[in-house]
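Visitor: Dropping the structure in here first, questions after.
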Amino acid sequence: GGEVAFDDAYALNPLVNAFALGLVRHDQIFFGKATGIGNPVLYVGAKTGRDGIHGATMASAEFDEEALEKRPTVQVGDPFLEKLLLEACLEAMRSGAVAGIQDMGAAGLTSSSCEMAARAGTGIELDLSLVPQREQNMTAYEMLLSESQERMLVVAHAGREREVVDIFRKWELDAVVIGRVRDTKRMHVIHNGETVADIPVESLTDEAPRYERAMSAPANAATQPANLKQPSSYTDALKTLLASGNVASKNWVFRQYDHMVRTNTAILPGADAAVVRIKETRRALAMTLDGNGRYCATNPREGAKLVVAEAARNVVCVGARPIAITNCLNFASPERPEVMWSFSEVIDGMAEACRAFETPVVSGNVSFYNETEGRGILPTPVIGMVGLMEDVRRVITPSFKKAGDVIALLGETQDDLSNSEYAVTVGDVTTAEIVAGGSVPKLDLQRELAVQRACLEAAERGLLASAHDCADGGLAIALAELCFSSQGHDGIGAEADLTGALNATTQLFSESPSRIIISFDPTATDSIRAIAERHNAPFTILGHVGGTQLQIAVNDEAAITVSVADLETTWRNALSRSLKAEALVAS
């Protein structure tokens, strides 16, 4: 359900945003709060070292020729030890001995302790001489700011700390009482019998200093869009797009990982969204990650709205209802006014879209200073959208099922070619030229909602055989991908005729939002048309499924005729071939 995207802007600062989803019963939720005056505070997990000291500070600085000197600030993770810690924490929670719990992330013991106290409106007292250490002569400063991994801070109920200690020792992990919850609303830290810190908790949390950064739009905004080169062959243009890094199959990536852990996976990788079953129910959860740095560099507010809309659309395309998002907001140095302006604009755009889709932002992260030798990344908000499916048996996949099915489009194609994959891959335009053009696809949130609601109702009523959103590469790419074999189905051809006043290149490759291609049995045509009309969603029949070729006409004139097998081979193998070639060049 994720994405892999390529642009030269990330050459010196490649981004990896990871998303995790957990399931919990309502009556078993634990909070990061230091509740209960006098309750013991326990340090659990791995020992503290000097790795990760100033890790958060390092992440808030540009990389330069001295970057290698900063390597000790990078934490060293141990996934096997992390697994032991997770299991021990869950067992401790089940015991009923835990009052509050939080991981030690950025700023380590400092942030976890003061944040837990702030949320509970209490104070906290810590004795650092009791902290398990794996290095000698660590100072209080080092212990407070170390970001060593696989550590948690636990507040136990008074008198039950021994239960917690025994559980963690069973898992061969340290568990030591290092402090108490106090009623002082202060963070009091002792080391070797001396007070080394005594500060109001709120001074480190809600009342911490706030930056008021300068903001200004870039001077080159809203210049003329670049001229796009027209293709000599639409079939060749389609093949070129299918082989490009941003469109090609990402199977080279996801085949390296076990996507069937615990057999909960209902839709295999490569679909619009991942779907996992919620065991003991018929429900399922859909997840997708979406981002488009080029859109957000061109117009950060509208670009962010487009990313949220696509994430919601992807979830809808598998038959789930969008319910919430998380995010990682990746930017260059906020000390540059144009970067801070784009950050502010992205947040406003994201908020507007989330209000429209009624998807609260339940968590998130900000990654600044993605800049090396003065060269920054594109503004890159990555949106993680979660959707709920009431009946996993209604799941929809992005592949045509049988000959004779009708192919239709929910939504309309507009002239949105200037900031597209076609523009950079076939049209011979650079990202810089596109960004300077100042134009992104036009998003109407009400139209987007209408299309999504129509698709979702048709899916929930069991009327759809397939659904796939039109995004990178436009209608031609979406139709090709629907023809490819996936989710246990063999590949199959299709015939489609695109009509309208737009020229053929735009009809085929425009990236207008609010579009979903669906397929269904001919007997469902009237029902789906009525659903679309009820939601005020444009509905156009494009053609039908069948044969071994993809044939696309524009206003009754043949534009693309090509073997599906030929297209699929190009699409499926392009990324691995490209990366092997890059490796050979690098060696």
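The values are calculated or read from the model by the stated rules, or taken from the named source; none is laboratory data. Keep in mind it's a predicted model, so treat the numbers as computed, not measured. Neighbour counts run over all protein chains shown; Cβ positions are idealised from the backbone, glycine included. For the accessible areas, the whole protein counts, side chains as well, though only heavy atoms, and no ligand, DNA or RNA atoms are used. Shrake-Rupley method; radii C 1.70, N 1.55, O 1.52, S 1.80 Å.
Visitor: If you stretched the chain out fully between Arg529 and Ala214, how much longer would it get, using 0.36 nm times the residue separation minus the C-alpha to C-alpha distance?
Guide: Length gained, Arg529 through Ala214: 108.3 nm.
Visitor: Kindly state, to the nearest 0.05, the FRET efficiency for Thr430 paired with Asp556, given R0 = 25 Å and r defined as their beta-carbon distance.
Guide: 0.10
Visitor: Would you list Asp103, Asp183 from the most to the least accessible area, probe 1.4 Å?
Guide: Greatest to least solvent exposure: Asp183, Asp103.
Visitor: Quick one: order His535, His26 from most to least accessible surface, probe 1.4 Å.
Guide: Greatest to least solvent exposure: His26, His535.
Visitor: Something else about it: Would you list Ile278, Ile396 from the most to the least accessible area, probe 1.4 Å?
Guide: Highest to lowest solvent-accessible surface, that is Ile278, Ile396.
Visitor: For an R0 of 60 angstrom, estimate the FRET efficiency from the Cβ-Cβ distance between Asn536 and Ser233 and round to the nearest 0.05.
Guide: 0.95
Visitor: Would you mind getting me the FRET efficiency between Glu207 and Asp348? Use the beta-carbon distance for r and R0 = 41 Å, nearest 0.05.
Guide: According to the calculation, E is roughly 0.95.
Visitor: A further question follows. Treating only the Cβ atoms of Lys and Arg (+1) and Asp and Glu (-1) as charged, compute the dipole magnitude of the chain about its Cα centre; round to the nearest 20 debye.
Guide: Using only the charged Cβ atoms, the result is roughly 1600 debye.
Visitor: What is the percent of Cα-Cα separations in region 424-502 that go past 21 Å?
Guide: 52
Visitor: Right, next: Could you pull out every residue, at least 5 positions away or on a different chain, whose amide H is within less than 5 Å of the one on Ile278? Hs are placed 1.01 Å off N in the peptide plane, and Pro or chain starts have none.
Guide: Those lying under 5 Å, H to H, from Ile278 are Arg283, Ala284, Leu285.
Visitor: Separation between the Glu358 and Val176 pseudo-spin-labels, each 7 Å from Cα along Cα→Cβ, expressed in nm?
Guide: Calculated label separation equals 5.2 nm.
Visitor: Treating the angle as unsigned and between 0 and 90°, give the value, to the nearest 10°, between the Cα long axis of helix 300-317 and the longest Cα principal axis of the chain.
Guide: Between helix and principal axis, roughly 80 degrees.
Visitor: Can you pull the Rg over Rh of region 146-280, Cα-only, Kirkwood?
Guide: For region 146-280, the value is 1.20.
Visitor: What three numbers, in Å, describe the spread of the alpha carbons of the chain along their principal axes, ordered from the longest?
Guide: Dimensions of the chain along the principal axes of its Cα atoms: 86, 54, 47 Å.
Visitor: Give me the Å³ per residue figure for the convex hull around the C-alpha atoms of region 487-565.
Guide: Output value, Cα hull per residue: 134 Å³.
Visitor: Which percentage, to the nearest 5, of the DSSP beta bridges contained in the chain is antiparallel?
Guide: DSSP beta bridges in the chain are roughly 80 percent antiparallel.
Visitor: Shifting gears a bit: Quick one: accessible surface of Lys33, probe radius 1.4 Å, all protein chains present, in square angstrom to the nearest 10.
Guide: Approximately 80 Å² for this residue.
Visitor: So what does His191 come to for accessible area, using a 1.4 Å probe and Å² rounded to 10?
Guide: Near enough 30 Å² of accessible area.
Visitor: Out of all Cα-Cα pairs in region 239-311, roughly what percent, to the nearest whole number, are more than 18 Å apart? Walk me through the intermediate numbers first.
Guide: Details: 1494 of 2628 pairs.
Counting pairs separated by more than 18 Å, the tail of P(r) holds 57 percent.
Visitor: Could you pull out which residues in region 530-574 have an amide N less than 11 Å from a spot 7 Å beyond the Cα of Ser485, following the Cα-Cβ vector?
Guide: 565, 569
Visitor: Plugging the Kirkwood radius over Cα pairs into Stokes-Einstein for region 423-561, at a temperature of 10 °C and a viscosity of 1.306 mPa s, what D comes out in µm²/s? List each step's numbers first, then the result.
Guide: Numbers: Rh = 16.4 Å.
Approximately 97 µm²/s, per Stokes-Einstein.
Visitor: Once you order the gyration tensor axes a ≥ b ≥ c over the Cα atoms, which shape class does region 216-341 get: rounded for a/c under 1.5, otherwise prolate or oblate by comparing a/b with b/c?
Guide: Oblate is the answer for region 216-341, as a/c is 1.5 or above yet b/c matches or exceeds a/b.
Visitor: Ok, one more. Simple spin-label model, 7 Å along Cα-to-Cβ: Val16 to Asn264 in nm?
Guide: Once both label points are built, they end up 2.3 nm from each other.
Visitor: Among DSSP beta bridges whose residues both lie in region 493-568, state the antiparallel percentage, nearest 5.
Guide: Antiparallel bridges: around 65 percent, rounded to the nearest 5.
Visitor: Per residue, how much accessible surface does region 136-240 expose to a 1.4 Å probe? Answer in Å², no decimals.
Guide: 62
Visitor: Same structure again: Taking a 19 Å limit on the Cα-Cα distance, which of the listed pairs Lys83/Lys279; Lys47/Lys83; Lys47/Lys170; Lys83/Lys170; Lys250/Lys580 fall beyond it? Provide the component values of the computation, followed by the final result.
Guide: Working: Lys83/Lys279 22 Å; Lys47/Lys83 15 Å; Lys47/Lys170 16 Å; Lys83/Lys170 14 Å; Lys250/Lys580 14 Å.
Going by Cα-Cα distance, Lys83/Lys279 fall outside the 19 Å limit.
Visitor: Before rounding to the nearest 500, sum -39500 (n - 2.57) across all DSSP H runs of length at least 4 in the chain and divide by the residue total; then give [θ] at 222 nm in deg cm²/dmol.
Guide: -9500 deg cm²/dmol
Visitor: In region 87-136, what is the volume of the convex hull around the alpha carbon atoms, normalised per residue and reported in Å³?
Guide: On the way: hull volume 5.9 nm³, N = 50.
That works out to 117 Å³ per residue.
Visitor: So what does Glu161 come to for accessible area, using a 1.4 Å probe and Å² rounded to 10?
Guide: The accessible area of Glu161 comes to roughly 40 Å².
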